[in-house]
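Worksheet for the structure shown next.
We did not get these values from a lab; they are worked out from the coordinates using the rules stated. These figures come from a predicted structure and were not determined experimentally. FYI the Cβ positions are ideal-geometry reconstructions off the backbone, even for glycines, and counts take in every protein chain you see.
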Amino acid sequence: MSKVLYVCSRNKLHDTSIKDKLRRICVNLVPDNIEPDPKKHTVFVTDNVAYAICMDKGAFDTNELSLLAGTLFEGDSINWSEPRGSYPDGNYALFRVNQDEVEIVSDCAATRTVWYYHDDELFVASTSQLAIVMYLESFSFNDATIPWLLSTGSLGPNLSWDKRFRRLQPDSSLLLDRKDWHISVQSNQAFFREVKRQPEEHQKQLTDAIGQTIMSISAIDFKHWVLPLSGGYDSRGILCFLKKIIGIPDSLKAVTWGLEESVHEEGNDAKVAKDLARTIGVPHGFYHTDISSEPIEAIIERFLFCSEGRIDHIAGYMDGMDIWKRFHDEKITGVIRGDEGFGWVPVSSKMTVRTSVGCGLCSDFKNLTHIIDEFKLPAQELPNDLQKRDEETLDSWRDRLYHSYRLPTILSALSDIKFSYVDQINPLLSRTVINYVRSVPDNLRTDKLLFRRIVESISPNVPFATKGANASPVEILKNKKLYDLLRLEINSRYSADLLGRDFIEFINRGMESEQANSGKKKRSIKSLISSMLPKSIKNIMRDTVAKPTVHGNILAFRVFIIVKMHKKLTEYSTKRSS
């Protein structure tokens, strides 16, 4: 999906100057490894409303000044373009306007993140924080992001890099009254309420819900879409449902990526995906994510640019975004991803709930417990709407956090990386499917038990993967060139001025390079033992014996992201040249 910038002003917009400004912003949002094409940018300006679509791949629908970015699962007859109109099922962000109001709408999982800014004269909404910074030509750093980056590798719940920006939550509507210039936001909170049914009936009902959504995407031109296929349950489920509901489209292609050697390793995601595709009868392509031959600085800069520093999940992108460039060059419109919310891993305490969904506080980690007080960092607290409710079980809270935090914060951030190159459909995140999952009992959601039963019932007899295809993030961050790059930036004067020298020294002490072999055997044995323990035993140990820790190199990379994004956003706030 392309990036969108939507502007509404109380004063008349100057047509020529605003158009030029929006075009410059579009140019500056194009990744450096694809050929910029000014004809692919759409810019429109009226007296008080303007919008820009960067790299419009034809995946948008427009109706006068209203924009639909994404896919609807309810057909073309839905009134999506009028404020206060339909709130359809789909994966989308809606920007819609009439003479009286502007409305921005998110889908039930906020699969397309929308950020917004509002002052006495101007309202700006965008799928890109960089775009808003460039439009405002100013940047106000939000230091509340620092502890969340350190403990989660993300911006945390509801936060943006700029303290003036807000993030639209899942299943939400923002209304701007164009007369009194007041904004109001309404969000539908997630509630898990078990409906008493036999397990077989739950299985049938969820199967029907998934099948209904899969049927709704059958009209897309599969020639221009690819299905990322792993050896697990999620993408396998989509492929098996496609075969069951509509038959495998002749033009559908499955793709897998990972380390080059992984496609030959038994039990590996890549090898299993290849075997599955062959068994079902769908063409399959493999793309490796080994470190690109480009300078390491270029690889990391491109990752930060495409992710806008929202996430630290670097392992799948060390190819320098070459996979996504190739999709773009091959005129691929988008990917059909298996992001889902069927239920999460076993938990035993509030801490294991938070850490399991990637929402751990600094106080949840042994090496970060005192970091906020010691280095006078901003306070960190889980927002009230994400706190455990009195009536909730730990399992229900875990899955509510998954839907309300992990989907819009972690998974949407990963989607943002791809949106610089392609569009995306997440059929397992339809409102129909999500709403049904929230009626399923805890025991059938834990470890996605109900969904796994469904997939196993329709899958060919191909074993499920037991190993990932990408390199370990820790091992990647020990790479000598990347290690040196991190050290250079972290020890700069800029970093010390932003975060303090004592904090920088603390980060330095925790870093390891691939040449540091001391204790390597001990750590590998500990890792092997840990991999053999059941999740329930690990949780007990974390609750009673030892808190988890954030590896020093991962912590250093998160600090690197903070520093680089502060620098990058400051630079982009004054970026006017094309």
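Using amide H atoms built in the peptide plane, which far-off residues or other-chain residues are under 5 Å from Gln424 H to H?
For Gln424, whose amide H was placed from the backbone, the distant partners under 5 Å are Val335.
Can you tell me, using C-alpha contacts under 8 Å and at least 6 residues apart, the relative contact order of the chain as a whole percent?
Values: 1072 pairs, mean separation 109.4, N = 578.
Computed value for the chain: 19 percent relative contact order.
For region 432-515, what class follows from the C-alpha gyration tensor (a ≥ b ≥ c being the square roots of its eigenvalues): rounded when a/c is under 1.5, otherwise prolate if a/b is larger than b/c, else oblate? Mind showing how you got there, number by number?
On the way: a/c = 4.47, a/b = 2.25, b/c = 1.99.
Note, shape of region 432-515 comes out prolate.
Can you compute the FRET efficiency between Glu514 and Asp447 using 1/(1 + (r/R0)^6), with r the Cβ-Cβ distance and R0 = 22 Å? Round to the nearest 0.05. Could the numbers behind the result be given before it?
Details: r = 34 Å, r/R0 = 1.57.
Efficiency at R0 = 22 Å is approximately 0.05.
Ranked by Cβ crowding within 10 angstrom, fewest neighbours first, how are Asp76, Asp100 ordered? Walk me through the numbers on the way to the answer.
Values: Asp76 8, Asp100 12.
In order of increasing Cβ crowding within 10 Å: Asp76, Asp100.
Could you tally the net charge around Phe419, taking each other residue with its Cβ under 15 Å from the Cβ of Phe419, Lys/Arg +1 and Asp/Glu -1? Each step should come with its number before you reach the end.
Details: positive: Lys3, Lys40, Lys57, Arg112, Arg302, Arg310, Lys325, Arg337, Lys418; negative: Asp56, Asp107, Glu308, Asp339, Asp416, Asp423.
With Lys, Arg at +1 and Asp, Glu at -1, the net is +3.
Cut-off under 24 Å on the C-alpha distance; same-chain residues fewer than 8 positions from Lys274 excluded. Which lysines are left, in chain and number order?
Once the sequence-local lysines are set aside, what remains near Lys274 is Lys223, Lys243, Lys244, Lys253, Lys325, Lys331, Lys418, Lys448, Lys467.
From the backbone phi of region 334-348, what are the Karplus-calculated ³J(HN,Hα) couplings (6.51 cos²θ - 1.76 cosθ + 1.60, θ = phi - 60°) in whole Hz, Gly and Pro given as x?
Rounded to whole hertz, the list is x, 10, 9, 9, x, 4, 8, x, 7, x, 10, 6, x, 10, 9.
Could you pull out every Cys in the chain that lacks a partner Cys with its beta carbon under 4.7 Å away?
Cys8, Cys108, Cys240, Cys306, Cys359, Cys362 - these cysteines have no disulfide-compatible partner (Cβ-Cβ under 4.7 Å) in the chain.
List Met351, Met55, Met321 from most exposed to least, where exposure is judged by having the fewest other Cβ atoms within 10 Å. Write out the running numbers ahead of the final one.
Numbers: Met351 19, Met55 22, Met321 26.
Ordered by Cβ neighbours within 10 Å, fewest first: Met351, Met55, Met321.
Can you list the aspartates and glutamates whose alpha carbon is less than 16 Å from that of Lys366, not counting same-chain residues fewer than 8 positions off?
By straight Cα distance, Lys366 reaches Glu374, Asp543.
Can you list the aspartates and glutamates whose alpha carbon is less than 13 Å from that of Lys481, not counting same-chain residues fewer than 8 positions off?
List returned: Glu294, Glu297, Glu489, Glu512, Glu514.
Filter the trypsin sites (Lys or Arg not before Pro) in region 194-269 to those in DSSP coil with at most 16 other Cβ atoms within 10 Å of their Cβ, and list the result. Could you put the intermediate results ahead of the total?
Numbers: sites: Lys196, Arg197, Lys204, Lys223, Arg236, Lys243, Lys244, Lys253; in loops: Lys196, Arg197.
Sparse-neighbourhood loop trypsin sites (Lys or Arg not before Pro): Lys196, Arg197.
Apply 1/(1 + (r/R0)^6) to the Cβ-Cβ distance of Thr279 and Glu301, taking R0 = 45 Å, and write down the FRET efficiency to the nearest 0.05.
On the way: r = 41 Å, r/R0 = 0.90.
My answer for the efficiency is 0.65.
Return the percentage of antiparallel bridges among DSSP beta bridges fully within the chain, rounded to the nearest 5 %.
On the way: 48 of 62 bridges.
Percentage antiparallel, nearest 5: 75.
Skipping prolines and chain starts, which residues have an amide H placed within reach, meaning under 5 Å, of the one on Lys3, given they are 5 or more residues away or on another chain?
Placed amide hydrogens put Cys54 under 5 Å from Lys3.
Using θ = phi - 60° and the Karplus curve 6.51 cos²θ - 1.76 cosθ + 1.60, what whole-Hz ³J(HN,Hα) does each residue of region 167-172 get, with Gly and Pro shown as x?
10, 6, 7, x, 6, 10
Grab the beta carbon distance between Asn491 and Lys163, set R0 = 41 Å, and tell me the FRET efficiency rounded to 0.05. Don't skip to the answer; put the middle values down first.
Details: r = 27 Å, r/R0 = 0.66.
According to the calculation, E is roughly 0.95.
Counting only other residues whose beta carbon sits under 15 Å from that of Leu486, what net charge do I get with K and R as +1, D and E as -1?
Numbers: positive: Lys478, Lys480, Lys481, Arg487, Arg509, Arg558, Lys564, Lys567; negative: Glu297, Glu301, Asp312, Glu475, Asp484, Glu489, Glu505, Glu512, Glu514.
Within the 15 Å Cβ shell, the charges total -1.
Based on other C-beta atoms within 10 Å, arrange Glu137, Glu265 from fewest to most.
Working: Glu137 12, Glu265 16.
Neighbour counts put them in this order, fewest first: Glu137, Glu265.
Simple spin-label model, 7 Å along Cα-to-Cβ: Phe191 to Thr549 in nm?
Spacing of the two 7 Å Cα→Cβ label points: 4.4 nm.
Shape of region 248-360 from its Cα gyration tensor (a ≥ b ≥ c, root eigenvalues): rounded if a/c is under 1.5, otherwise prolate when a/b > b/c, or oblate?
Working: a/c = 1.75, a/b = 1.15, b/c = 1.52.
Here region 248-360 falls in the oblate category.
Summing -39500 (n - 2.57) over the DSSP H runs of n ≥ 4 in the chain and dividing by its residue number, what mean residue ellipticity at 222 nm do you reach, to the nearest 500 deg cm²/dmol? Mind dumping the intermediate values first?
Numbers: 22 runs with 217 residues, N = 578.
The helix-only estimate for the chain comes to -11000 deg cm²/dmol at 222 nm.
What list of ³J(HN,Hα) values in whole Hz, one per residue of region 275-281 in order, does the Karplus curve 6.51 cos²θ - 1.76 cosθ + 1.60 (θ = phi - 60°) give from phi, with Gly and Pro shown as x?
5, 5, 4, 5, 5, 7, x
For the chain, what class follows from the C-alpha gyration tensor (a ≥ b ≥ c being the square roots of its eigenvalues): rounded when a/c is under 1.5, otherwise prolate if a/b is larger than b/c, else oblate?
Cα axes put the chain in the rounded bin.
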